[in-house]
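The structure appears below as structure tokens.
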Amino acid sequence: MEALARFFAQRKAVLASHEADLGVLKQLDRRFLGELAQGQLGPVSLPGLSAATLLAEAADPQEAMVVVEGRDCLWPGELSRLHQALCAIDQGQPLAWWLAACYPALPMPKGDGGWLQARACWLRQKPLEGPWQDWLLATRGEQLGKLVPALWALCAGHQWQYWLPPLWQQASEAEVVASINALAPQVDEVTLVELMGRSHLGRFLPWLGTLRQPQLSEVVMENQLYLTGGDNKRIAERQCWGQALEGDWLKLAPAQLTLKFRQRLWALVGRDGRGAPWSLFGGRLCLGN
């Protein structure tokens, strides 16, 4: 486990980096595959890896996904086999839902999967009944001022970075602003700045420029950089890295953004995407608007 833990520590640092690009991640993951194939990563390298052992060796779902994807790359069929094994045990449900929300060829786990179940249904264009059915309704981009606070209350805002930004993609600027305004009284200032940055709305740049509190300086600069690429100019209704968030630039975005910002692109991934930005080799991100 020591070698595996060392790999994930390196990978975590790379994914959080403002300097590293996708090439760095791919180089690291190629080394991971080599060590996995040579049996140098402990139990996760062994044939017939069980779901329980997988979870014991890689407790973080995003890290466990990489193990599953790596094994499937070397031994095709492991994604399906391990997903089935995860679905069969209670402790495997969270990871099973993560995988189902990234790979539509996999069957849906049973039980409540929260926002991941909603995303999995969206990916498969299937209806959903239950508390998170409003998430599917909200993907139309309507009534966000009402629906988003209700969804936030369902999970106390947990993992909002994953489930909320996708709802803004088909929404008008007014609907996005309404949803953020509805959340503003409930969240702290750091979260509010993050909401504005991840909205991709250039209209928030002047407001971000007025924030001078020392405790907000890092998060403000990070979100200004994400929106403008360093020029701090509003150039479009929706923008990212100083480019209009549309058309041809969307195809270039996964390669142009540093890895820390590239993770935000999951909000823009269409149904043709596979995996996630933290997946093996960065996943396959097919972006749309």
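The values are calculated or read from the model by the stated rules, or taken from the named source; none is laboratory data. This structure is a prediction, so every number in the text was calculated from the model and none was measured. Every residue, glycine as well, gets a Cβ built from its backbone with ideal geometry; the counts of neighbours run over all protein chains shown. When the accessible area is computed, the model is the full protein with side chains, heavy atoms only, and any ligands, DNA or RNA have been set aside. Shrake-Rupley method; radii C 1.70, N 1.55, O 1.52, S 1.80 Å.
Some points to look at:
- Number of the condition not met by A182 [criteria: (1) surrounded by fewer than 17 Cβ atoms within 10 Å (Cβ to Cβ); (2) of a type outside the set (V, I, T); (3) more than 25 Å from L287 (Cβ to Cβ)]: (1)
- Check on G130, in contact with a helix residue (DSSP H, G or I) (Cβ under 7 Å, 6 or more places away or on another chain), farther than 30 Å from E2 by Cα and at pLDDT below 95: no
- Some residue of region 115-131 being under 15 Å from the mean Cα position of the chain (by Cα) and not in a helix (DSSP H, G or I): no
- Output for region 63-98, where each listed residue is under 18 Å from Y162 (Cβ atoms) and in contact with a Pro (Cβ under 9 Å, 6 or more places away or on another chain): Q93, P94, L95, A96, W97, W98
- Cβ separations smaller than 7 Å between residues 6+ apart or across chains give the following pairs from region 84-101 residues that are more than 17 Å from C121 (Cα to Cα) to residues that are among the polar types (S, T, N, Q) and outside any helix (DSSP H, G or I): A85/S50.
- The condition (being open to solvent by 20 Å² or more (accessible area, probe 1.4 Å), without any contact (Cβ under 8 Å) to a residue 12 or more places away in the chain and under 14 Å from F7 (Cα atoms)) is satisfied by just one residue among G42, G48, G34, G23: G34.
- Counted residues, region 248-268 - those being open to solvent by 10 Å² or more (accessible area, probe 1.4 Å) and without any contact (Cβ under 8 Å) to a residue 24 or more places away in the chain: 4
- Residues located in region 211-256, provided they are assigned to a loop (DSSP other than H, G, I, E, B), farther than 19 Å from V269 by Cβ and touching an Asp or Glu at 6+ places or on another chain (Cβ under 9 Å): L211, Q213, A236, E237, G242
- Every test in (1) in a loop (DSSP other than H, G, I, E, B); (2) closer than 22 Å to G141 by Cβ; (3) in contact with a strand residue (DSSP E or B) (Cβ under 9 Å, 6 or more places away or on another chain) is passed by P277 save one, and that test is (2).
- There is at least one residue in region 111-128 that is surrounded by fewer than 17 Cβ atoms within 10 Å (Cβ to Cβ), touching a residue at least 40 places away in the same chain (Cβ under 8 Å) and of a type outside the set (V, I, T).
- Within region 1-80, helices (runs of 4 or more DSSP H) holding 1 or more residues that are within 22 Å of the chain's Cα centre (by Cα), of a type outside the set (V, I, T) and more than 23 Å from Y103 (Cα to Cα): 2-15, 22-37
- For region 176-193, a residue qualifies if it is closer than 18 Å to Q213 by Cβ and touching a helix residue (DSSP H, G or I) at 6+ places or on another chain (Cβ under 9 Å), and the qualifying residues are A184, V187, E189, V190, T191, L192, V193.
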